[in-house]
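Coordinate-derived values only; no laboratory data. Note that the coordinates shown come from a computational prediction; the quantities given were computed from them, not determined experimentally. Methodologically, a virtual Cβ is constructed for each residue, glycine included, from the backbone with ideal geometry; neighbour enumeration extends over all protein chains shown.
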Amino acid sequence: MKQIFHENEAVATSVGFILTFSITVITFLLVMNASYGMMNQAEHTVMREEFEIHGSNIALQLTEMETIVNISNNAGGEVGEIKYEMLLPLKVANDYYSVNFSTGEMTFESHGRDETRVKIPYEARNVHVMPTTISSASEKHFMTYNSSSKMIEIY
């Protein structure tokens, strides 16, 4: 008859299971942590690229407005008002964002993070752009040329 107290056969199976399970859980957590970091980095890249596309479109609209004003003034005409609707998405990569317009540059950013900040230069020689900041949460945005102040107002 075997003694129960000195039996070591069942211990190896239990210890092996606990070690295998622990190693599996740790490996799974490491893989998940690495993939989460890569997904977050990909999200920032997508945001920056979309910001560059939308910033280029806005710079093109500003150039078009200035061209219309310059052609009208050179031909002896006068521009009363020009109004463009800025077609911006509500969210980029499922986040709201803001656009800051300053002299010669617009800055797109989401939640003030440096990883998502994109600066797009633009050039307006005869027309000035009013410095302002708009938020994507307010949905509709417009650019209006004001002939009395010779400024483009963005709201």
(Q) How big is segment 61-102 along each principal axis, measuring the range of its Cα positions in Å and listing the largest first? (A) 48, 19, 13
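Run the numbers on the chain and let me know its relative contact order in percent, using alpha-carbon pairs under 8 Å that are six or more apart. Intermediate results must be reported in sequence, preceding the final value.
Working: 187 pairs, mean separation 33.7, N = 155.
Result for the chain is 22 percent.
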Q. Where is the GNM fluctuation largest for the chain (alpha-carbon springs, 10 angstrom cutoff): Phe17, Phe101, Phe51?
A. Phe17
Q: Set Lys and Arg Cβ to +1 and Asp and Glu Cβ to -1, take the dipole of the chain about its Cα centre, and tell me which of Asn40, Tyr122, Met143 lies farthest positive.
A: Asn40
Q. Of (i) 0.94; (ii) 1.49; (iii) 0.98, which is the value of Rg/Rh (Cα atoms, Kirkwood Rh) derived from the coordinates here?
A. (ii)
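Can you show me the helix-derived [θ] at 222 nm for the chain, built from DSSP H runs with n ≥ 4 at -39,500 (n - 2.57) apiece and divided by the number of residues, rounded to the nearest 500.
Theoretical 222 nm ellipticity from helices: -16000 deg cm²/dmol.
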Q) Using +1 on the beta carbon of Lys and Arg, -1 on that of Asp and Glu, and nothing else charged, what's the dipole of the chain about the Cα centre, debye to 20? A) 200 debye
Q | Among Ser35, Ser102, Ser22: highest mean-square fluctuation, GNM of the chain, C-alpha pairs under 10 Å | A | Ser22
Q: Give me the distance in nm between label points sitting 7 Å out from Cα along the Cα-to-Cβ direction at Thr24 and Met130, one decimal.
A: 6.5 nm
**Q.** the chain: most fluctuating residue of Glu81, Glu123, Glu52 per GNM, C-alpha cutoff 10 Å
**A.** Glu81
**Q.** Degrees, to the nearest 10: 9-74 long Cα axis against longest axis of the chain
**A.** 0 degrees
